[in-house]
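Undergrad: One structure is given below, represented as structure tokens, and several questions about it will come after.
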Amino acid sequence: MRVLIVDDEPLARAFLAEQLGAMAGVEVIGEAANGFEAVKLAEGLAPDLLLLDVQMPRLSGLEVLELLGERAPQVVFVTAHDEFAVRAFEVHAVDYLLKPVEQARLAQAIERAAARLMAPRDRAGSAPTGIASLLAAPRSPDHPLQRVLIREAEHVHVLPVHRIDFIEAQDDYLSFAAGGRRHRKQQTLSQIESQLDRTRFVRIHRSFILNVERIVRIDPYAKDSWQVQLADGTRLPMSRTGYQRLKEVLD
């Protein structure tokens with residue numbers, strides 16, 4: 001079993017590498033100190049298993065899996081927070097380990113991973129499933145989305161939501177407008193709407209979500225419709241329903 005260790009703490013990586021090195025049939029093929037390194041190494045080395053820290057400063061463990069998508073191997077999450085266990089199993093992770101990791105629990109997780117890898121492919125699969133639906137799930141008002149990951153060719157953009165001017169639905173994709181640039185991501189407008197701060201972002205039209213802080217003026221356009229002008233001069237259509245939603249936020 002070829003294992004990639006991902007953890008921003010050097011001592012944690014060293015402990016895991018030492019323990020795995022003593023296990024028969026297990027090879028540590030690399031270590032990553034952050035999520036960006038993890039994505040690069042996972043795509044280049046094609047490990048069988050990720051030992052993946054959940055909370056890291058640049059990308060979280062879930063964000064690493066989002067970027068890997070169908071290329072993600074099996075995963076064992078490593079976390080300091082027990083409440084993450086439910087979310088780990090929602091993405092069909094092999095197991096989760098609480099820090100500080102106990103040797104016996106690590107061995108048990110490796111045994112589970114080996115069993116899953118040996119199972120028929122149609123049962124075991126090659127990647128954790130459920131990650132897309134979990135990442136698309138609505139956020140609570142107290143914990144709205146803080147950043148959006150957008151992969152374009154070989155580049156990954158980490159877009160803080162406060163930089164977003166508006167979001168436009170384009171067929172099966174969303175176009176995120178920020179600072180005069182556009183970034184495309186395959187997602188639905190309803191999914192992103194349910195994750196954003198409802199006091200800052202309003203769906204003003206069936207195809208547009210607007211950052212209300214960018215509004216300069218609102219002009220009547222036709223019967224039961226308006227145009228919203230943004231600080232950069234962009235004009236967006238607003239429906240009657242969108243107008244009512246915007247009024248509720250601004251009042």
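Every number in this text was worked out from the coordinates using simple rules, so none of it is lab data. All figures in this text were calculated on a predicted structure; none of them were measured in a lab. Cβ atoms come from the backbone with ideal geometry, glycine included; neighbour counts cover every protein chain shown.
Undergrad: Given the criteria crowded, with 16+ Cβ neighbours inside 10 Å and in contact (Cβ under 8 Å) with a residue 60 or more places away in the chain, does L236 qualify?
TA: So L236 fits the description; yes.
Undergrad: Would you check which residues across segment 148-173 are under 12 Å from L210 (Cα atoms), in a loop (DSSP other than H, G, I, E, B) and not acidic (D, E) and list them?
TA: I164
Undergrad: Do you know which of the residues in segment 156-181 that are within 19 Å of the chain's Cα centre (by Cα) and among the charged types (D, E, K, R) is surrounded by the most Cβ atoms within 10 Å (Cβ to Cβ)?
TA: Only one residue fits best here, namely R163.
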